[in-house]
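Below: one structure, written as C-alpha cells.
The values are calculated or read from the model by the stated rules, or taken from the named source; none is laboratory data. These numbers were taken from a predicted model, which means no experiment stands behind them. Virtual Cβ from ideal backbone geometry, glycine too; neighbours counted across all protein chains shown.
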Amino acid sequence: MLTDQIRDNLWAYVGGIIRRHNHVALEIGGWRDHMHILVSCDTSLNIPDLVKDIKVATNKWLQPKYKCKFGWQDGYGVFSISPSHLDAVRQYIRNQPTHHQHINMIDEFKRLISVNGLNYDEKYLPHNPI
C-alpha cells in the first residue's frame with residue numbers, strides 16, 4: 001500500500017524517470033493502490049518500455065528505502081487526451097484522495113473504459129489489492 005509518505009517521494013522519483021526518457025511529467029498522483037501519470041510526449045515514446053522502467057526502478061528503489069514488500073500489478077491503462085482536457089485531468093489526478101473515498105480503483109477503471117467506448121475482458125482487469 002502506498003502511504004502518504006511513500007506517495008510524495010514516489011511521485012518525485014517517477015518524475016525523474018520520465019525526465020530521463022526525455023518526456024515531461026505534467027502531473028503525477030494517485031492513491032493507496034495506484035498511480036496516475038499525465039505525460040507530455042512526442043511520438044518517440046514507447047509506452048510499454050516507459051511503464052516497465054517505471055515499475056522496475058520504483059520497485060527496486062521503494063523496497064529497500066521503506067523496508068517493505070511491494071510490487072506493481074502486471075497491467076496498466078493508457079488514455080490519450082486532447083489539450084483542451086489538460087486542466088481537468090490535472091485536477092482529477094490531484095483530487096485522488098478525495099475521489100477514492102467514494103469509488104474504488106477497479107470500479108473507476110471500468111468507468112473510464114466504459115465512458116471512452118472501449119470493451120474489456122474482466123480477466124485482464126487489475127485485482128483490488130486493498
Filter result for S84 (over 20 Å from I6 (Cα atoms), over 16 Å from the mean Cα position of the chain (by Cα) and at pLDDT 95 or above): yes
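Matching residues to (1) buried (at least 17 other Cβ atoms within 10 Å of the Cβ); (2) of a type in the set (A, V, I, L, M, F, W, C); (3) closer than 28 Å to E122 by Cα:
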site: M35; (1), (2), (3): yes, yes, yes
site: G71; (1), (2), (3): no, no, yes
site: G77; (1), (2), (3): no, no, yes
site: P83; (1), (2), (3): no, no, no
Going through segment 1-15 in order, the residues found to be in contact with a strand residue (DSSP E or B) (Cβ under 9 Å, 6 or more places away or on another chain) and part of a helix (DSSP H, G or I) are R7, L10, W11, A12, V14, G15
Looking only at residues in segment 8-29 that are crowded, with 19+ Cβ neighbours inside 10 Å and free of Cβ contacts under 8 Å to residues at least 40 places away in the same chain, which one is farthest from D49 (Cα to Cα)? W11
Search segment 46-66 for residues that are of a type in the set (G, A, S) and pair each with any residue that is assigned to a helix (DSSP H, G or I) when their beta-carbon atoms are under 8 Å apart and the residues are at least 6 apart or on different chains. A57/Y13; A57/I17
For segment 72-85, check the following and say yes or no: at least one residue is within 20 Å of K52 (Cα to Cα), in contact (Cβ under 8 Å) with a residue 40 or more places away in the chain and either among the polar types (S, T, N, Q) or touching a Ser or Thr at 6+ places or on another chain (Cβ under 8 Å) (or both). yes
Take the residues in segment 16-29 that are part of a strand (DSSP E or B) and among the small types (G, A, S); name whichever of them is farthest from M105 (Cα to Cα). A25
